[in-house]
Amino acid sequence: MSRLNQLLNTRYWFFTPVWLLLCLATVAVVATPRLMHLTAQDKPWLLESMLHGLMLLCTLLLLNERSWNQRRLRAGILVIAAFVLAALMLQSISTIYLVYSIMLTSITTACLGQRASALFAGAVMLLFAVTHWLYWHNPELGLIVLLFGVFHGFAWVVSVQLDQEREQREQLQLSHAELHSTQALLSQTIANDERTHLARELHDQAGHQLTSLILQLDVARRQAQQSDNEALQQRLEQCYQQARDSLATIRQVVSDKRHSDIDLASALRDLCQHLPRVTVHLDIQPDAKLAQAKLAHCLLRCCQEAITNALKHSTTEQLWIRIASNDDRLTLRIVESEQALDLDLVGSTPLYGNGLTGLNERVVALNGQFRAVMTQQGLIVEAGFDD
């Protein structure tokens, strides 16, 4: 039982375990009565059982996450499923096989889109009408087509609504994660501005006053050296050294406050903790220091845009982000893993939409270099900045 739960909860299946169980139950409910009926009538059931098994295989392949990254494979599976439905329609005048079509219409809405799902449902209903008109000469064909056409439409509308709600939910979670990370970076930027302001005030006010005090103590110390009062000389010498030490301490504090680095890692970790579906692997090298708020903001936007593209335009669930510094050069590398990427796309440059174009403009505005390329690993986005 625990092994079954582990199988159902793995990311091997694109849909939730509820989807998987419902699809398996649908195949069982449709296939079992037909095969039992054939057995009771002493009719050969091997061919029909093979067709039901092939339908089950097509359903599992569509639910399989590995097929989700290959549109041609998904379309091919649907074509095979349509031929299986046609073969089943030729086996019996029963209309129960259209339940398979309703199930596949719901799955197709998520894996190929609303238009492909509607075309698939229409093609199956047309195939059903032709088969029952020319082969079975069904007198109730019009009523049956109308009835199951309504069922297919209902399944399509519900699937579209579920798909839109899923996208809206993912977008809401993504916006929430981006807001968290932006707030974290903004708070650090505000704190840096406050530290810079404090350092400037310390340098301009306290530093100036201590410098004036040191000059006056130096004059008093030199005048006291001409007198015979050794106690006064020692006291002035101590005051003079303490003032110099205080000025050196203030200068060190000012220097530290002015050169404090921005902790981009915490903002990125906050971003990745609230993401839907996508798992981000962060690799931020310790020597990758960020002293400029504009650069930190640019890197954060690059990561946010990469995550947005992964959620909207692909089905990948793995994203690798690496920030490193080598030879006075800061580099950002983002790898979006796509399983079984088409070989004809390897080495090509992806189409620059608004997202990639905006990232390129941000990087170039900071005198950086931007590059995006398709590899066997998936989509790779790189940005480099010279110190």
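Pairing residues of the stretch 84-102 that are closer than 13 Å to Tyr135 by Cβ with residues that are among the polar types (S, T, N, Q), at Cβ distances under 7 Å and at least 6 apart in sequence or on separate chains, gives Ala86/Thr131; Met89/Thr131; Leu90/Thr131; Ile93/Asn138.
Only residues that are surrounded by fewer than 17 Cβ atoms within 10 Å (Cβ to Cβ), part of a strand (DSSP E or B) and at pLDDT below 85 were counted in the stretch 329-379, giving 3.
To keep it simple, each residue is scored yes or no on (1) over 19 Å from Ile80 (Cα atoms); (2) at pLDDT below 90; (3) of a type in the set (Phe, Trp, Tyr).
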residue: Leu104; (1), (2), (3): no, no, no
residue: Leu143; (1), (2), (3): yes, no, no
residue: Phe151; (1), (2), (3): yes, no, yes
residue: Val160; (1), (2), (3): yes, no, no
residue: Glu167; (1), (2), (3): yes, yes, no
residue: Ala177; (1), (2), (3): yes, yes, no
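Determine which member of the set Ala224, Ala184 is farther than 30 Å from Cys303 by Cα and at pLDDT 70 or above. The match here is Ala224. Annotation note: Cβ proximity below 8 Å between a residue of the stretch 276-296 that is modelled with pLDDT of 75 or more and a residue that is of a type in the set (Ser, Thr, Tyr) (sequence gap 6+ or interchain) occurs for Val278/Thr316; Gln285/Ser325; Ala293/Thr189; Ala296/Thr189.
May I ask you to list the residues in the stretch 278-328 that are under 30 Å from Arg71 (Cβ atoms), outside any helix (DSSP H, G or I) and within 14 Å of the chain's Cα centre (by Cα)? Explain how you work it out, then say what you get.
Keep residues of the stretch 278-328 that are under 30 Å from Arg71 (Cβ atoms), which gives 278-281, 301-322.
From what's left, outside any helix (DSSP H, G or I): 278-281, 314-322.
Of everything in the stretch 278-328, those that are under 30 Å from Arg71 (Cβ atoms), outside any helix (DSSP H, G or I) and within 14 Å of the chain's Cα centre (by Cα) turn out to be Val278, Thr279, Val280, His281, Ser314, Thr315, Thr316, Glu317, Gln318, Leu319, Trp320, Ile321.
In the stretch 1-96, counting only helices (runs of 4 or more DSSP H) that sit wholly within it, the ones holding 2 or more residues that are modelled with pLDDT of 85 or more and in the same structural domain as Ala123 (by TED's automatic domain parsing) span 17-40, 46-63, 71-91.
Would you confirm, using the coordinates I've provided, whether Tyr135 is touching a residue at least 40 places away in the same chain (Cβ under 8 Å) and either in contact with a Ser or Thr (Cβ under 9 Å, 6 or more places away or on another chain) or not assigned by TED's automatic domain parsing to the domain that holds Asn64 (or both)?
Details: touching a residue at least 40 places away in the same chain (Cβ under 8 Å): yes; either in contact with a Ser or Thr (Cβ under 9 Å, 6 or more places away or on another chain) or not assigned by TED's automatic domain parsing to the domain that holds Asn64 (or both): no.
Spelling it out, it is not the case that Tyr135 is touching a residue at least 40 places away in the same chain (Cβ under 8 Å) and either in contact with a Ser or Thr (Cβ under 9 Å, 6 or more places away or on another chain) or not assigned by TED's automatic domain parsing to the domain that holds Asn64 (or both).
The values are calculated or read from the model by the stated rules, or taken from the named source; none is laboratory data. Because the structure is a prediction, the values reported are computed rather than measured. Using ideal geometry, Cβ is built from the backbone for each residue, glycine included, and neighbour counts are taken over all protein chains shown.
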